[in-house]
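Everything on this sheet refers to the single structure shown next.
FYI, it's all coordinate maths here, none of it is from the lab. All values reported here derive from a predicted model rather than from experimental measurement. Every residue, glycine among them, receives a Cβ derived from its backbone with ideal geometry; neighbour counts consider all protein chains shown.
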Amino acid sequence: MSEAARVLVVDDEALVRHALRAFLSDDDRVILVGEATDGSEVVDTAKATDPDVVLMDIRMPEIGGVEATRRILEWNPRCRVLALTTFTTEWQALEVLRAGACGYLVKNSTPAQIIDAIVAAHAGDRVVSPEVQERFVRAAIEAGDDHVSDVPALSDRERQIIGLIAKGRSNAEIADELHYAESTVKADIRHINQLWDVENRLQIVLRATELGIIAL
């Protein structure tokens with residue numbers, strides 16, 4: 001088993017911190033190492049706790065999550081920041097992702113989804129809630145991108161994987177559904193990234209939508 005992800009929770013709401021604390025303590029894949037109530041505390045708390053992943057709220061009273069994300073990554077670029085917020089608008093997601101966050105989850109995600117996202121972030125993956133991902137895709141469709149090129153050659157399995165990525169499935173869930181090893185799924189996703197010159201799952205979905213491979 002890989003080493004448990006050390007997690008720092010940053011949220012100004014005591015009830016949210018309590019809920020996160022309750023279910024994070026029940027999973028041996030994660031270790032809650034600290035909490036902060038505002039972005040101004042993030043760097044000092046991180047220095048004291050050495051987290052692998054920071055669960056970051058967006059709207060906080062003093063310093064918000066976007067600026068706090070910039071600060072934590074200036075201190076330690078290897079730290080993974082995962083936004084966890086009530087906002088589902090694509091511009092809110094883009095703002096924190098551009099600041100360096102590796103993912104964006106909404107607070108109505110299930111405990112299992114949040115923990116799976118933490119584990120994925122710790123492993124180097126990017127994670128975006130399906131409802132936010134859908135907003136990105138719809139925004140791209142409405143923007144009317146004019147530079148769609150010919151569809152590159154994809155295997156049937158790669159097309160199936162793309163369809164499941166668009167549904168928000170994790171690598172493990174895709175492997176289970178298609179009856180392949182997870183390492184095979186990861187290799188196929190790497191090939192898609194190389195073929196399309198993209199970097200993450202969200203870009204795969206956007207590109208697949210542009211090319212007409214999937215539709216929402």
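For the stretch 17-107, pairs of C-alpha atoms spaced more than 24 angstrom apart make up 14 percent of the total. Each residue of the stretch 13-22 was assigned a 3J(HN,Hα) from its phi angle through the Karplus curve 6.51 cos²θ - 1.76 cosθ + 1.60 (θ = phi - 60°); the sequence is 9, 4, 5, 5, 4, 5, 5, 4, 4, 5 Hz, with glycine and proline shown as x.
Once backbone amide H atoms are built at 1.01 Å from N, ARG6 has ILE31, ASP52, VAL53 as its partners under 5 Å, excluding neighbours fewer than 5 places away on the same chain. Loop-located trypsin sites (Lys or Arg not before Pro) across the stretch 48-117 with a Cβ neighbour count of 15 or fewer within 10 Å are ARG59, ARG78, with loop assigned by DSSP. The trypsin sites (Lys or Arg not before Pro) of the stretch 156-216 meeting both criteria, a DSSP state outside H, G, I, E and B (loop) and at most 15 other C-beta atoms within 10 angstrom of the site's C-beta, are LYS167.
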